[in-house]
Amino acid sequence: MATSEAAIKVRDVFHRFGAEGEQRFVRALADTSLDVAEGELLCLIGPSGCGKSTLLNIIGGLMTPSSGDVEVRGQPVRGPLPRDIAFVFQENSLFPWNTVLENIELGMTFQGVSKSERAARAAEVLAAVGLKEFAHHYPAQLSGGMRQRAALARALSLKTPILLMDEPFGALDEQTRMILGEDLSVLLAQSRKTIVFVTHSLGEAVFLADRVAVFSARPGSIKQVIAVDEPHPRRPEFATSAKFTALRNQLYRLLHDEIRKAVQQSSAADTARAGTERA
Amino acid sequence: MAMAAARRRSLLHGLARRPWLARLLVIAALLALWEVAARFLVDPLFLSPPSQVIMSLDKVFGTRGVPAALQLTLFELTVAFVLAVAIGLALGLVIGLQPLIRRSFFPIVLLLYCMPQVTILPLFILFFGIGAASKIAFGVTHGVFPVIVTVVAGVQNLKPILLVSARSMGASRWQMFRYVIFPHMVPSFFAGMRLGMSGVLLGVLLAELYVSVAGIGYFTTLFTQNFDPTKLLGLIGVLAAMAIVLNAVVRRAENHFARWRTE
Amino acid sequence: MAGNEADSPVPPRFRAKQSHVAAPPSPPSCAEGSGVEVVPGGAFEANSPAPPAPPFPKKKERAGAAAPQAIALPRKQVSVERAASRLIQAGFLVGLVAVWYLASTRWGVNRLLLPNPLAVYDNLLDILRSGEFIDDLETTLEELAAAFALSATGGITLGYLISRSPYWIAVFEPLFAAIYSIPIILFLPLFVLFFGLGPASKIALGAAISFFPIVINTIAGFGHVDRLFVMAARSMGASDYHLFRHVLLPAASPVILTGLRMGFTTALLSIIGSETLASLAGLGHRIVHLAEAMEMARMFAYIVFVIAIAVTLNTIVSRLEARGKRD
């Protein structure tokens, strides 16, 4: 079965929303194929609405593609794989009625982890993300950055070989983002997990990824994959190196036209929608 | 002079810092107005001053049958409230969690909620008699709808990402309910209980006032017909105070269980 | 009580935002999430103002990418589901009438408890044709109009004046909220004592009861206007009048409209209620009169008639509310 060392295999995945002829019909993802090697950090980058998140949800088994296959560690994906895959979402997905600690333990409760083991792992991941003192805070009492640290801790506590991160720092300010990115790089270098990381940020992609997959505008497909040959954990100095700048510029050139296309698409769609609503 | 002015200033300052003090003053002013009106302006057959009402509270409760009537009304309220909450919670969960049932029956529930139920009060008396049963039933039909509606809303307005996230971590259906849907619903459930309690109070009191052969309704009618505003005001006042206190208690509970929302 | 925040030692005027008005989770509107557009409000009991209070404090979160899409269904399936629920609704109503019919004709339920639905239908037609309802309807509607006019004018005026100062909000809002939790119908005997059995007592009671949702929502509406809007308008040199006309009023009107709608349904309910309990005329009185005369079929017909009137009025009012909010 598991003949390849690829942790994730995506084969000709196509996805659309709605049916043909409907107003909300959207070809979200054109035929996409992709391999993610064991222990690799792959960034997906592309214009808004290009289907990066859709692809991530399909890999994680949260959505079923209209056609195509996904294999995770040799097994075809039919639904969520909580033992293999943990998610970190962009939106705050902590349960607001639970404290940070309760949130972390809850994920393990779902998977039947014993009580003592839960406590031990929770303490470990809380320390790892630097939230030890905030274990008994409610999410609403934390800043956005701390909430995402907590969500990351929850995902790490599940000890899955694969981590899917959907713009985890998307809603944060630039500086928080930078610090979280550095910390994440250190953390992930230790864990050697396989990671797929969706982002909008060119710098974030270059800073974190082993490879960056650049998406075209809708219907999204992979336009090019760029390798970032730099050992983990990445040092802050990397962000100011000439290599970093060159890669970032390369990404910018690749993305620029796609982003324009995407913006035009979405404003055209807005006009069309406004038109039908008025009618 | 200067000292008086300073004292006045500090008094105003104290008031500015303490809205509740001003609130008490407003209440006192209203009571004073009532006192003056009752003593000098209005026929004592219709209105008695608050001082007299308060002084004769013991007489109200000394009236033969009043303690028993209060007890009866409280009994009806309690039973109706428990039934309304239990039925409302059960129906609310069924309606909220089953899409087909929700689409089919929630509009009907809303329609019923919006109907002036008091038009069918005579029917309740015909069906359930003039005893406690009709009052309890009428209280339940008033209290149950707000509970259903808030429970449905509480189940509904859950952010989808939380369900997605629980699913991605491998939560079973039961775990989704136990750890995600239920805790999310608790604050609205308490809000529903508070609204339900107001509904139950209204329903039971309407029925009591309508039937008026026992319970509080009998005595309000009696005191009105005897032109005894002192006792009437005393009785009504006690019930009103009770309603305020009950409401405040449930609101406290509501805030307690909703503290994760605002902190 | 509702005002613990107001009891805190910091003088309200020093706080950053005008946020003393407690905004409890609003009772969901009837119109919400359903095909029917009727009014919330078993009104009497809707004992809480209804400012648009989202259950979660809004954070600047972008809409979830995965979730809504994951839940979206193909349109064909949606329309099938809608048809299915319409069918179930129709079946439910037909079944209800069928059970009623069988109970009154076959199962020997006493006719004095449950008249034949056909007889009720005949009576309803007769009532409509003869026009005998006109006097009672007129009485009820006149009482309603008077009560609502009083409570709307009083509630909005007083609410606006109080909302001008955070201090007065802190003083009065908890007071109104506390009184609002009293079932004011308790005071009906007093109103009858003061105003007699005629329309005056109904108008007074209706106005007194519907005053509270209106004043509370008016305070909440004007008191909740975002400081940012006010500052933006002031920075552009808006006068007091401009500020009121172009900032405060539009920002507050949705909440005030909700209050007016709640006040209206409450007034309607309390007027029919007090007519039922103690009166000489009006629709509520007519129903009780028929109940006492044991004219069951006619009473049922009147109940149907009154409910239809009430639902129509409430629907009109909530349509108006929705339209007012759209502008």
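The values are calculated or read from the model by the stated rules, or taken from the named source; none is laboratory data. On a predicted model such as this, the values are computed, not experimentally measured, just so you know. Every residue, glycine among them, receives a Cβ derived from its backbone with ideal geometry; neighbour counts consider all protein chains shown.
Annotations for the structure displayed:
- Selection count where residues are within 12 Å of chain C (Cβ to nearest Cβ) and over 27 Å from the mean Cα position of the chain (by Cα), scope the stretch B:28-37: 1
- The residues of the stretch A:160-189 that are of a type outside the set (A, V, I, L, M) and within 17 Å of the chain's Cα centre (by Cα), listed by number, are A:Thr160, A:Pro161, A:Asp166, A:Glu167, A:Pro168, A:Phe169, A:Gly170, A:Arg177, A:Gly181, A:Glu182, A:Asp183, A:Ser185.
- Failed criterion for B:Gly215 (all others in (1) surrounded by fewer than 24 Cβ atoms within 10 Å (Cβ to Cβ); (2) at pLDDT below 90 hold): (1)
- Test: A:Ala189 is in contact with a His (Cβ under 8 Å, 6 or more places away or on another chain), surrounded by fewer than 21 Cβ atoms within 10 Å (Cβ to Cβ) and not acidic (Asp, Glu): yes
- Pick from the stretch A:65-80, criterion within 13 Å of chain B (Cβ to nearest Cβ) and not aliphatic (A, V, I, L, M), ranking: surrounded by the fewest Cβ atoms within 10 Å (Cβ to Cβ): A:Gly79
- Selected residue (criterion: surrounded by the fewest Cβ atoms within 10 Å (Cβ to Cβ)) from residues of the stretch A:41-64 that are over 10 Å from the mean Cα position of the chain (by Cα) and among the hydroxyl-bearing types (Ser, Thr, Tyr): A:Thr64
- Any hit, the stretch A:148-159, residues being surrounded by fewer than 18 Cβ atoms within 10 Å (Cβ to Cβ) and either in contact with a strand residue (DSSP E or B) (Cβ under 6 Å, 6 or more places away or on another chain) or of a type in the set (Lys, Arg) (or both): yes
- Of all residues in the stretch C:274-289 being under 23 Å from the mean Cα position of the chain (by Cα) and of a type in the set (S, T, N, Q), the one that is nearest to B:Ile120 (Cα to Cα): C:Thr276
- Taken over the stretch C:250-300, the criterion of being within 12 Å of chain B (Cβ to nearest Cβ) and among the β-branched types (Val, Ile, Thr) is satisfied by C:Thr265, C:Thr266, C:Ile271, C:Ile272, C:Thr276, C:Ile287, C:Val288.
- Near pairs, Cβ below 7 angstrom, 6+ apart or cross-chain, from the stretch A:1-30 (in the same structural domain as A:Arg192 (by TED's automatic domain parsing) and outside any strand (DSSP E or B)) to any residue that is at pLDDT 80 or above and of a type in the set (A, V, I, L, M): A:Glu5/A:Ala37
- Of all residues in the stretch A:16-35, those satisfying the criterion of being within 30 Å of A:Ala189 (Cα to Cα) and either of a type in the set (S, T, N, Q) or in contact with a Ser or Thr (Cβ under 6 Å, 6 or more places away or on another chain) (or both) are A:Thr32, A:Ser33.
- Yes/no for C:Ala119 being surrounded by fewer than 21 Cβ atoms within 10 Å (Cβ to Cβ), assigned to a helix (DSSP H, G or I) and without any contact (Cβ under 8 Å) to a residue 40 or more places away in the chain: no
- Any hit, the stretch A:232-241, residues being loosely packed, with under 13 Cβ neighbours inside 10 Å, outside any helix (DSSP H, G or I) and touching a strand residue (DSSP E or B) at 6+ places or on another chain (Cβ under 9 Å): no
- Options B:Phe106, B:Phe127; residue that is under 22 Å from C:Gly273 (Cβ atoms), within 13 Å of another protein chain (Cβ to nearest Cβ) and out of contact with any Asp or Glu (no Cβ under 8 Å at 6 or more places or on another chain): B:Phe127
- Qualifying residue in the stretch A:127-134 (condition: in a helix (DSSP H, G or I), of a type outside the set (Ser, Thr, Tyr) and crowded, with 23+ Cβ neighbours inside 10 Å): yes
- A:Ser114 falls short on exactly one of the conditions (1) under 27 Å from A:Ile59 (Cβ atoms); (2) not assigned by TED's automatic domain parsing to the domain that holds A:Ala37, and that condition is (1).
- Scope the stretch A:257-272; condition out of contact with any strand residue (DSSP E or B) (no Cβ under 9 Å at 6 or more places or on another chain) and not hydrophobic (A, V, I, L, M, F, W, C); matching residues: A:Asp257, A:Arg260, A:Lys261, A:Gln264, A:Gln265, A:Ser266, A:Ser267, A:Asp270, A:Thr271
Each row is one residue, and each column tells you yes or no for (1) modelled with pLDDT under 90; (2) part of a loop (DSSP other than H, G, I, E, B); (3) among the acidic types (Asp, Glu).
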{"site": "A:Leu42", "(1), (2), (3)": "no, no, no"}
{"site": "A:Pro47", "(1), (2), (3)": "yes, yes, no"}
{"site": "A:Ile58", "(1), (2), (3)": "no, no, no"}
{"site": "A:Gly79", "(1), (2), (3)": "yes, yes, no"}
{"site": "A:Ser93", "(1), (2), (3)": "yes, yes, no"}
{"site": "A:Glu105", "(1), (2), (3)": "no, no, yes"}
{"site": "A:Val113", "(1), (2), (3)": "yes, yes, no"}
{"site": "A:Ser116", "(1), (2), (3)": "no, no, no"}
{"site": "A:Ala119", "(1), (2), (3)": "no, no, no"}
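- Residues that are in a helix (DSSP H, G or I), without any contact (Cβ under 8 Å) to a residue 60 or more places away in the chain and not acidic (Asp, Glu) within the stretch C:129-149 comprise C:Arg129, C:Ser130, C:Ile134, C:Leu141, C:Ala145, C:Ala149, listed in sequence order.
- Pairing residues of the stretch A:149-173 that are over 19 Å from A:Glu124 (Cα atoms) and at the interface with another protein chain (Cβ under 10 Å from one of its Cβ atoms) with residues that are hydrophobic (A, V, I, L, M, F, W, C) and assigned to a helix (DSSP H, G or I), at Cβ distances under 6 Å and at least 6 apart in sequence or on separate chains, gives A:Leu164/A:Leu56; A:Asp166/A:Leu56.
- Within the stretch C:301-316, the set of residues being more than 11 Å from every other protein chain (Cβ to nearest Cβ) and in contact (Cβ under 8 Å) with a residue 40 or more places away in the chain comprises C:Ala301 only.
- Of all residues in the stretch A:114-126, those satisfying the criterion of being surrounded by fewer than 19 Cβ atoms within 10 Å (Cβ to Cβ) and under 21 Å from B:Gln175 (Cβ atoms) are A:Ser114, A:Lys115, A:Ser116, A:Glu117, A:Ala119.
- Exclusive hit being within 16 Å of the chain's Cα centre (by Cα), assigned to a helix (DSSP H, G or I) and closer than 29 Å to C:Ala170 by Cα, set C:Ala232, C:Ala267, C:Ala251, C:Ala220: C:Ala267
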